[in-house]
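Novice: Below is one structure. I have some questions about it.
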Amino acid sequence: MSALRGRRTLLGVAAAAVATGVVAVILVASARSSDEPTRAQYLAEVAAICRVYGPKLDTIRPPDVAEPANVIDAVDRVLPLVTAQLRRVKALEPPEELRPKVERWLALQDRRLGMLEKAQAAGRQQDFRTMSVAYVDFMLEGSETGRLGERIGIPHPPC
C-alpha cells in the first residue's frame, strides 16, 4: 500500500507542478499583452514626441534649391532634429495591430533620412546638383510618408 500511496503522492505533486506551470504561462502571456500599449496610448506617445520636434522644425523655412548655401544651412539644422525625432519614435513599441503599418512608415522615414544625409554630404563636397536632387527627393517623399502616417493616426505635420 505504501507504494500505491507514494505513486499517488508523486502524481499529485506532478499534477500540481503542471498546473502551476500552466498558470505561470497564462500569467506571463497576459502580462505581455497588458504591457503592450493600446492604439490610443501609442499614438498619444508619438504625438507627444512630434509636439517636441514639430515646432522646432517649423522654424526652419524650406530653402530655395537654387540657393545652395540656404539648402546646406536648412539641411544642417533639420537633419539632427529629424534624426532625434525618429530615434525616439522608433524606441516606442507599437501595438500588434499597428505594427506592419508603423514598420512601413518607419522604413519610409529612414529612406527620407537617408536622402537628407545624402544632401548634407553632397553639400559639404559642393556637389550642388546632387544636394539639390536629394533635398527635393526628401521633400517629395514627405507626402507619401504623411499619407501613410495619417492612415495610422500619426499627426502630419510635424511627423
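Novice: I need every pair where a residue in the stretch 54-68 that is surrounded by 14 or more Cβ atoms within 10 Å (Cβ to Cβ) has its Cβ under 6 Å from the Cβ of a residue that is in a loop (DSSP other than H, G, I, E, B), sequence separation at least 6 or different chains.
Specialist: Within 6 Å, the pairs are GLY54/PRO158; LEU57/PRO158.
Novice: Another question, then. Which of (1) surrounded by fewer than 15 Cβ atoms within 10 Å (Cβ to Cβ); (2) in contact with a Gly (Cβ under 9 Å, 6 or more places away or on another chain); (3) not acidic (Asp, Glu) does GLN85 not meet, given it meets every other one?
Specialist: (1) is the only condition that GLN85 fails.
Novice: Ok, one more. List the residue pairs whose Cβ atoms are under 6 Å apart, where the first residue sits in the stretch 83-105 and is closer than 10 Å to GLU36 by Cβ, the second is surrounded by 13 or more Cβ atoms within 10 Å (Cβ to Cβ) and of a type outside the set (S, T, N, Q), and the two are 6 or more positions apart or on different chains.
Specialist: Sorted first by the residue in the stretch 83-105, then by its partner, the pairs are PRO94/TYR42; PRO94/VAL102; PRO95/GLU36; PRO95/PRO37; PRO95/ARG39; PRO95/TYR42.
Novice: Give the residues of the stretch 33-59 that are part of a loop (DSSP other than H, G, I, E, B) and over 24 Å from LYS118 (Cα atoms), sorted by residue number.
Specialist: Kept after step one, since they are part of a loop (DSSP other than H, G, I, E, B), are these residues of the stretch 33-59: 36-38, 59.
Selection gives GLU36, PRO37, THR38.
Novice: Quick check: is even one residue across the stretch 110-123 within 27 Å of ASP35 (Cβ to Cβ), out of contact with any Lys or Arg (no Cβ under 8 Å at 6 or more places or on another chain) and at pLDDT 95 or above? Lay out the reasoning, then the answer.
Specialist: First pass over the stretch 110-123, keeping only residues within 27 Å of ASP35 (Cβ to Cβ): 110.
Within this subset, residues satisfying the condition of being out of contact with any Lys or Arg (no Cβ under 8 Å at 6 or more places or on another chain) are 110.
Then keep just the ones that are at pLDDT 95 or above; that gives 110.
Yes: one or more hits.
The values are calculated or read from the model by the stated rules, or taken from the named source; none is laboratory data. For clarity, every value in this text was computed on a predicted model and none was experimentally measured. Ideal geometry is used to build each Cβ from the backbone, glycine not excepted, and the neighbour counts take in all protein chains shown.
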